[in-house]
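Report on one structure; see the data block that follows.
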Amino acid sequence: MTMKTSVIEFRRTERYTYYRDLSVTYEGASAQVPVRAPDLSPNGMFINISRRFPTGAVLKIRFWLTRTEFEVNGRAEVRYCLPGVGVGVEFVELSNEARRAIEEELSILRQQNGGER
């Protein structure tokens, strides 16, 4: 039994990766900011990031949804910041197609999770 296998066997609930290859760029800057994003909704997401962003800052976002294989590109505005933890953002520019893909992704996850969440 590998270390990874033993950790997975002892988890109480399954874990899901909603998306991959998330990148965030602060508008007006050229460098991407390394991030991790644990949750997602059709209206926004929480992004784990140690860097502070002011409320109202606009971020360019890009990520792949893992189940629908859709690349989401858009802009999001910082609604709140938890220093050292991350930021909650609301999508302010997102195509209808991207929003539908997010809704489909979350629907698939709910079905896989027995309707929870």
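The values are calculated or read from the model by the stated rules, or taken from the named source; none is laboratory data. Source: prediction; values computed, not measured. Virtual Cβ from ideal backbone geometry, glycine too; neighbours counted across all protein chains shown. Only protein heavy atoms, including side chains, enter the accessible area calculation; ligands, DNA and RNA are left aside. Shrake-Rupley method; radii C 1.70, N 1.55, O 1.52, S 1.80 Å.
Computed quantities for the displayed model
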item	result
Hz values of 3J(HN,Hα) by residue in region 70-79 - Karplus curve (6.51, -1.76, 1.60), Gly and Pro given as x	10, 8, 9, 10, x, 10, 9, 10, 5, 9
Residues whose placed amide H lies under 5 Å from that of Gly86, excluding near-sequence neighbours	Ile49
Gain in span if fully extended, Ser107 to Arg75, counting 0.36 nm per residue against the direct Cα distance	9.2 nm
Sequence-distant residues sharing a close amide H with Phe70 (under 5 Å, placed H)	Leu65
Accessible area, probe 1.4 Å, largest first, for residues Tyr26, Tyr80	Tyr80, Tyr26
Percentage relative contact order, region 48-115, counting C-alpha pairs under 8 Å, at least six apart	31 percent
Backbone HN-Hα couplings from phi across region 39-47 [Karplus 6.51/-1.76/1.60, Hz, Gly and Pro as x]	9, 8, 9, x, 9, x, 7, 9, 10
Sorted peptide list for 59-66, 39-46, 89-96, criterion being average Cβ within 10 angstrom, highest first	59-66, 39-46, 89-96
